[in-house]
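Some notes on the structure that comes next.
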Amino acid sequence: MKLAVQQRTAKGKELVKLRKEDILPGIIYAKHMDHPITVQCRRQDFVRTYKEGGKSTVIELKGDGIDHDVLIHDLQINPVTHEVTHVDFIGVKAGEEIHAEVTLILQGKAPVITSTEIRIQQIKDSVEIKAKPKDLPHDIKVDISVMENEDDIIYVKDLIVPKGVTILDDGELAVARVAVAKGGVTDEEEATETEAETNTEATE
């Protein structure tokens, strides 16, 4: 995946004008680089790249003398317009393992779902992994077709990942569970209501 960039000289108040021209400022930094490199790119190009690759896909930044493989490390978002206003890239080297956050996606059909009162609740939507850049998955699929009983839970340790990928999160953390509605209220909602009632009684 490639993204065209240019070296950036604008800073401070000059960035306001840059953003009005639909140009996104950013910076590249990495342990193997002598110093960070300030860059800029077309906002719409970045948004398209981010939607396709997320934070766990290596992006090749090219242009204006720049040629670096990177991951998207951090984004600054305008709280009013919800537009990206700045991006931090972290440089990667082909043979070195890196850490990245990868999205978990539920897939399949759970046999336990036999009525509208039963659903699968996703508790954890991402995990941190370690892998070489070439092995980084875009996402990790969670097969819920193994969930046959109401007390079934899928844990991090149950996730199947590609060769070369190591999950760093605690294996005992729950990823998905079965939620059963009782009188239109799920177990989770009932627990929340009970806790709220207990807190209310404690303050009376």
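The values are calculated or read from the model by the stated rules, or taken from the named source; none is laboratory data. Keep in mind that what you see is a predicted model, and the values were worked out from it rather than measured. Every residue, glycine as well, gets a Cβ built from its backbone with ideal geometry; the counts of neighbours run over all protein chains shown.
Could you check the stretch 6-29 and list, in sequence order, the residues that are among the hydrophobic types (A, V, I, L, M, F, W, C) and either surrounded by fewer than 15 Cβ atoms within 10 Å (Cβ to Cβ) or not assigned by TED's automatic domain parsing to the domain that holds HIS86 (or both)?
VAL16
Right, THR81: of a type in the set (S, T, N, Q), under 26 Å from THR103 (Cβ atoms), in the same structural domain as ASP22 (by TED's automatic domain parsing) and without any contact (Cβ under 8 Å) to a residue 12 or more places away in the chain or not?
Yes: the conditions hold for THR81.
Checking GLU101 against (1) under 23 Å from LEU24 (Cβ atoms); (2) modelled with pLDDT of 95 or more, which test does it fail?
Among (1) under 23 Å from LEU24 (Cβ atoms); (2) modelled with pLDDT of 95 or more, GLU101 violates only (2).
Select from the stretch 1-44 the residues that are among the hydroxyl-bearing types (Ser, Thr, Tyr) and not in a loop (DSSP other than H, G, I, E, B) and write down the one among them that is farthest from HIS68 (Cα to Cα).
Restricting to residues being among the hydroxyl-bearing types (Ser, Thr, Tyr) and not in a loop (DSSP other than H, G, I, E, B), the top hit is THR38.
I'm trying to understand the selection: among the residues of the stretch 30-58, which are modelled with pLDDT under 95, farther than 20 Å from SER126 by Cα and surrounded by 12 or more Cβ atoms within 10 Å (Cβ to Cβ)?
Once the filter is applied, which keeps residues that are modelled with pLDDT under 95, farther than 20 Å from SER126 by Cα and surrounded by 12 or more Cβ atoms within 10 Å (Cβ to Cβ), the stretch 30-58 yields ALA30, MET33.
I need the full set of residues from the stretch 108-135 which are within 22 Å of LEU168 (Cα to Cα) and touching a strand residue (DSSP E or B) at 6+ places or on another chain (Cβ under 6 Å), in order please.
GLN122, ILE123, LYS124, ASP125, SER126, VAL127, GLU128, ILE129, LYS130
Which residue is nearest to HIS73 (Cα to Cα), if the candidates are limited to the stretch 101-160 and must be assigned to a loop (DSSP other than H, G, I, E, B) and among the small types (Gly, Ala, Ser)?
Within the stretch 101-160, the match that is nearest to HIS73 (Cα to Cα) is GLY108.
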